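The block underneath contains the structure these notes are about, expressed in structure tokens.
The values are calculated or read from the model by the stated rules, or taken from the named source; none is laboratory data. Note that the coordinates shown come from a computational prediction; the quantities given were computed from them, not determined experimentally. Positions of Cβ are backbone-derived with ideal geometry, glycine not excepted, and every protein chain shown enters the neighbour counts.
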Amino acid sequence: MPSATTPSLLSRAAVGFWFLGLGVLGLLRGAMRAFRHGAFAADGVTWLWLIGSALLVLVGAIAVMRAARRHRARAND
């Protein structure tokens, strides 16, 4: 009988890494928009973009940390 293999961390945390990537790209885009004319000047849309991207990074980081913790716990069993 084949033994059960534990999925890799990359496959367990794929959605978390996806959110992290999208959030980082959103933060970059928001910063580009805020610094378009030199000094930081953010309007309402830019603030929504930056805050939404920061939340997406936070959710992604939490998902990756949870998957890593589960992966470590499963590897130790």
Looking only at segment 18-37, and only at residues there that are among the aromatic types (Phe, Trp, Tyr) and at pLDDT 95 or above, the one that is surrounded by the fewest Cβ atoms within 10 Å (Cβ to Cβ):
TRP18
Test ARG69 against the stated conditions and say whether it is out of contact with any His (no Cβ under 8 Å at 6 or more places or on another chain), assigned to a helix (DSSP H, G or I) and either at pLDDT below 95 or on the phi > 0 side of the Ramachandran plot (or both).
yes
Filter segment 9-41 down to the residues that are of a type in the set (Gly, Ala, Ser), free of Cβ contacts under 8 Å to residues at least 12 places away in the same chain and in a loop (DSSP other than H, G, I, E, B) and list them by number.
GLY38, ALA39, ALA41
Examine segment 44-55 for a residue that is surrounded by 14 or more Cβ atoms within 10 Å (Cβ to Cβ) and either more than 14 Å from the chain's Cα centre (by Cα) or outside any helix (DSSP H, G or I) (or both), and state whether such a residue exists.
yes
